[in-house]
């Protein structure tokens, strides 16, 4: 399911250089049938207008409805990551997450 997600935000929002990181229980390999799918989308551009966030949320919603598994997505542009540098959440995702 995650494989189908990769690339779709770029098509919807018109941006190119990005990384998708699977984190949480699925990223750790401890997820089960009841687990949600947590995705962090990192890119170097600016999403102050929320275009990428909106596209990513629409796609996550489509996948949730199609597969019956909650897909949650967090979009982190360069400014988001810079403002939160040193936060334990981002450090844990970067350390333990799996790039897909």
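Spatial offset of region 67-100 relative to region 29-53 amounts to 7 Å, using the alpha carbon center of each. Using the Cβ-Cβ distance between residue 19 and residue 66 with R0 = 22 Å, the FRET efficiency computed as 1/(1 + (r/R0)^6) comes to roughly 0.40. Note on residue 79 and residue 35: with the Förster distance fixed at 30 Å, the Cβ-Cβ geometry gives a FRET efficiency of about 0.50.
Read-outs throughout are calculated quantities, based only on the coordinates presented, and are distinct from any laboratory measurement. Keep in mind it's a predicted model, so treat the numbers as computed, not measured. Cβ coordinates were reconstructed from backbone atoms using ideal geometry, including for glycine residues, and neighbour counts include every protein chain displayed.
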